[in-house]
1. When the residues of the range 120-144 are narrowed to those that are among the charged types (D, E, K, R) and outside any helix (DSSP H, G or I), which ends up nearest to N196 (Cα to Cα)?
2. Suppose we filter the range 174-202 for residues that are closer than 17 Å to S266 by Cα and among the hydrophobic types (A, V, I, L, M, F, W, C); how many remain?
3. Can you spot a residue in the range 187-210 that is surrounded by 24 or more Cβ atoms within 10 Å (Cβ to Cβ), assigned by TED's automatic domain parsing to the domain that holds G114 and in a loop (DSSP other than H, G, I, E, B)?
4. Of the residues that sit in the range 115-147 and are in contact with a strand residue (DSSP E or B) (Cβ under 9 Å, 6 or more places away or on another chain) and farther than 21 Å from V393 by Cβ, which one is surrounded by the most Cβ atoms within 10 Å (Cβ to Cβ)?
5. When you scan the range 231-283, how many residues do you find that are of a type in the set (D, E, K, R), closer than 20 Å to V335 by Cβ and surrounded by fewer than 17 Cβ atoms within 10 Å (Cβ to Cβ)?
6. Select from the range 90-134 the residues that are of a type in the set (D, E, K, R) and out of contact with any Ser or Thr (no Cβ under 7 Å at 6 or more places or on another chain) and write down the one among them that is modelled with the highest pLDDT.
7. Restricting to the range 88-115, and then to whatever is of a type in the set (V, I, T) and over 16 Å from the mean Cα position of the chain (by Cα), can you tell me which residue is farthest from L159 (Cα to Cα)?
Amino acid sequence: MTAAAQGSSTARTYLGSNRDSNRQHNLSTVLQLVHSTAGISRAQLTRTTGLNRSTIAALVAELSQLGLVVESDIDPAQQHGRPSIMIEPGPAILALAVNPDVDVVSVALVSLGGRIVNAVRFHTVRAPSVVEVVNIVSAVYAGMRTALPPDHRVVGAGLAIPGLVEPGGGKVIEAPHLDWRDEPLPALLGDALHLNTVTANDAVVGARAQAAFGAGQGVPDLVYLYGGASGIGGGIISGGHLVKGATGFAGQLGHTHVRTGGAPCSCGSRGCLEAEVTREALIQAIGLPAGETENLEEILLEKLEDGSAGDEVRAVIQEQVSLLAVGLKTVTSLVNPSVVVLGGFLRILVRAAPGALEKALAGFRNHGPWENVKIELAPLGEDPILIGAAELVFEPLLADPAGFLQKQSGS
């Protein structure tokens with residue numbers, strides 16, 4: 001070590017290694033950077049990893065040959081020095097993402113970089129059975145696959161479930177709103193599609209997507225709370241890592257207690273957040289027909305703006321906001337996040353009553369872990385769930401790009 005290096009108190013820690021034995025690590029590091037940024041310049045890769053330009057060039061060339069990255073136009077943000085080529089995620093490697101719910105089965109193809117290539121929402125008149133989900137996804141996937149260019153590959157399926165999933169993803173332990181218990185859906189779907197299928201809770205994968213690409217990007221301590229037709233779920237990122245718990249069931253935030261002697265919950269208790277704060281209450285309050293539930297946010301906001309919502313609707317919103325605040329107070333007390341991201345119909349409550357959630361939380365924020373918590377809204381729609389489901393598939397690919405693809409090819 002030089003004297004200058006010894007005397008420096010700001011020595012940088014780099015992600016890469018110039019040792020040849022660490023080629024897999026370096027390939028993984030470069031691919032993860034390209035994936036998480038959805039495009040990065042060669043110069044940025046060199047600065048971030050600490051690898052020299054020739055090593056970066058060789059790694060990018062290998063990843064390009066594998067179809068994992070593509071080189072594109074010169075970095076438009078670079079103002080000085082030698083122009084740097086942009087490295088972007090390749091479009092040819094895809095994951096199939098699946099999210100069944102009580103009234104819809106969402107299916108999408110997702111490429112590296114968290115880009116949804118093709119998405120289909122198959123509406124159902126009632127909660128689908130496991131067999132029906134397999135049949136729906138098989139039919140949708142068959143159509144998607146025939147439309148793919150010859151060089152595109154689907155390397156696995158990610159399944160996001162509104163319920164409890166066995167650690168390791170072997171089966172769905174319980175999805176009460178779907179009336180599923182001990183269902184081997186991952187195995188059935190994998191056999192039908194001839195794809196390796198990975199499974200996790202829908203809100204947990206949504207948290208991963210928010211941390212990777214959304215409102216929680218770069219945030220080490222994050223809570224993601226998602227409200228859907230099946231209730232409210234959550235995911236917790238602490239110290240940059242997903243909190244899983246002893247048996248993998250951490251993040252069941254919908255079962256946070258918010259009202260003594262309240263409405264019965266599917267868990268057997270009363271007054272849980274997901275039993276008291278529901279999408280159905282908003283739908284009933286505005287008399288929304290079953291076929292228009294996807295437009296709930298747009299229609300509700302329009303009715304509030306033109307004055308046709310009425311006192312009953314406003315009362316429902318206010319009550320739900322107040323109870324959501326109670327739940328958030330408990331969650332933030334336990335987890336101490338810097339950001340809480342609200343997704344699904346929960347974002348409607350914030351938009352429908354501007355300032356109401358902040359006001360309800362004001363009494364809790366004078367001191368303690370909830371004092372400076374920032375509330376963010378997830379993007380409209382259910383893309384984070386599908387993107388998070390795809391992340392389940394991409395995780396081993398990102399860890400060992402060449403090895404993963406070799407196993408896929410059977411070599």
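The values are calculated or read from the model by the stated rules, or taken from the named source; none is laboratory data. Quick caveat: nothing in here was measured; it's all calculated off a predicted structure. Glycine also receives a Cβ, built like all others from the backbone with ideal geometry; neighbour counts cover every protein chain displayed.
1. So in the range 120-144, the residues among the charged types (D, E, K, R) come out as 121, 126, 132.
Subsequent filtering for residues that are outside any helix (DSSP H, G or I) retains 121, 126.
Working: R121: 22, R126: 28 Å.
Checking each candidate, the answer is R121.
2. Summing the residues that are closer than 17 Å to S266 by Cα and among the hydrophobic types (A, V, I, L, M, F, W, C) in the range 174-202 gives 3.
3. no
4. Looking at the filtered set, the residue picked out is P128.
5. So the answer is 1.
6. The residue in question is E132.
7. I93
Residue-by-condition table, conditions (1) in contact with a Ser or Thr (Cβ under 6 Å, 6 or more places away or on another chain); (2) at pLDDT 90 or above; (3) in a helix (DSSP H, G or I):
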position	(1), (2), (3)
G268	no, no, no
E274	no, yes, yes
E292	no, no, yes
L304	no, no, yes
E312	no, no, yes
L323	no, yes, yes
G327	yes, yes, yes
S333	no, no, yes
L342	no, yes, no
